[in-house]
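Nothing in this text is a laboratory measurement; each read-out follows from the coordinates by a stated rule. This is a predicted model, so every value here is computed, not measured. A quick note on method: Cβ atoms are made from the backbone with ideal geometry, for glycine too, and the neighbour counts reach across all protein chains shown.
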Amino acid sequence: MHAASTAVLISEVGPRDGLQSIKTIMPTANKKLWIDALYQAGIREIEVASFVPAKMLPQMADAAEIVRHAKTLEGLTVLALVPNLKGAEAAIQAGVDKITIPVSASAAHSLANVRKTREEMIEEVKRIVEYRNSQAPLVKIEVGISTAFGCTLQGLVPEDEVIWIAEQVIAAGVDEAGLSDTTGYANPSQVKRLFSLLRGAIGEKAGAAHLHNTRGLGLANCLAAYEEGVTSFDSSMGGLGGCPYAPGASGNVVTEDLVFMFEAMGVNTGIQLENLFKAREPLRLGLPDEVIYGMVPEAGLPKGFVVDHKEGM
């Protein structure tokens, strides 16, 4: 058990992970309004796009324009997902502050997701790092180790293989490596154990927890990661990116519920809940036919709820 931090970073992934998981394409103007509203609520890291061919993901065809808009928001870390060097070049040229690269712990998922073996992906990571070092040394690179807790294609993913990948990508020169529960298989004790192993292997370069609520354990798993010393969490406004109640759906952790949990515990997120709830409106306007989830926005804040960051934990 680590001494738990009194502050955490919530990285909003809805504009990327959320939007690319649904068929509807949110208009560019609505994306900008939504990102502005998230920023106004106090969110300071947003994964705004992924740089992939538009024919594969038409939802992300405006990635460069969205990055340029997000860069006008002072103090915002603008993050984009890239699956390969070509995507990294486009993201860096668009002006991102940080890129995230998905590397699968599952051999089967790696081939299905990026059509590369895990070893080939590690080589791709090296090429991206070399490009960053020569062209944009201030851009941060993180690897999200996907299917770290289990895989719908191959089932069990050995923990030593997850840690091996983390060690390989850190050796390749990335700034941090985090763990992603891509399939919603994780449970709290597994989350604690794997993040403990990760920290033991790569120390302070252990990165974010990207956990899903597919089987209802999203918040419990986030709390377990927090208690293990994790201070950065990915989540999606309204749980966008898959229905939390459908088997096999991606089911991102709901940003509003995650922020409420931490703030209620006295852990500072820097995010104002009332303004965060208001940011659901531009999301609804941009995606009028999508179901938006969230327990706390529906129930409201408890009577007399006051944010108190003095206690810590």
(Q) So if the hydrodynamic radius of the range 90-134 is defined as the Kirkwood radius over C-alpha pairs, what does Stokes-Einstein give as its diffusion coefficient at 37 °C and 0.692 mPa s, in µm² per second? (A) 286 µm²/s
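Rounded if a/c is under 1.5, else prolate if a/b is larger than b/c, else oblate: which is the range 169-313, with a ≥ b ≥ c the root eigenvalues of its Cα gyration tensor? Working shown, then result.
Working: a/c = 1.90, a/b = 1.33, b/c = 1.42.
The shape class here is oblate.
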Q. What per residue convex hull volume, in Å³, do the alpha-carbon atoms of the chain yield?
A. 120 Å³
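Short version: what are the Cα gyration tensor semi-axes of the range 94-238, square root of 5 times each eigenvalue, largest first, in whole Å? Please list the in-between numbers first.
Numbers: eigenvalues 110, 60, 41 Å².
That gives 23, 17, 14 Å for the three semi-axes.
Explain nothing, just the number: relative contact order of the chain, from Cα pairs under 8 Å at least 6 residues apart, as a whole percent.
Values: 661 pairs, mean separation 66.2, N = 313.
Dividing the mean separation by the residue count of the chain yields 21 percent.
Over the range 70-221, what is the percentage of antiparallel beta bridges among all DSSP beta bridges, to the nearest 5? Each step should come with its number before you reach the end.
Numbers: 1 of 18 bridges.
About 5 percent, rounded to the nearest 5.
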Q: Output the peptides 24-32, 251-259, 67-75, 223-231 sorted from most to least packed, where packing is the average of other Cβ atoms within 10 Å over each peptide's residues.
A: 251-259, 223-231, 24-32, 67-75
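Hey, can you rank 151-158, 6-13, 170-177, 301-308 by average C-beta count inside 10 Å, highest first? Please list the in-between numbers first.
Details: 151-158: 15.0, 6-13: 21.8, 170-177: 19.8, 301-308: 10.0.
So the peptides 151-158, 6-13, 170-177, 301-308, ranked by packing, come out 6-13, 170-177, 151-158, 301-308.
Restricting to the chain, what percent of DSSP beta bridges are antiparallel, rounded to 5?
Working: 2 of 33 bridges.
Counting DSSP beta bridges with both partners in the chain, the antiparallel share is about 5 percent.
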Q.
Taking a ≥ b ≥ c as the square roots of the Cα gyration tensor eigenvalues, with a/c under 1.5 meaning rounded and otherwise prolate when a/b beats b/c, else oblate, which class fits the range 75-115?
A. oblate
Q) Rounded if a/c is under 1.5, else prolate if a/b is larger than b/c, else oblate: which is the range 1-160, with a ≥ b ≥ c the root eigenvalues of its Cα gyration tensor? A) rounded
Q: For the range 13-74, divide the Cα radius of gyration by the Kirkwood radius and give the resulting Rg/Rh value with two decimals.
A: 0.94
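Per DSSP H run of at least 4 residues, take -39500 (n - 2.57); add these up for the chain, divide by its residues and hand me the 222 nm value, nearest 500 deg cm²/dmol. Could you put the intermediate results ahead of the total?
Numbers: 12 runs with 123 residues, N = 313.
Taken over the chain, the calculation gives -11500 deg cm²/dmol.
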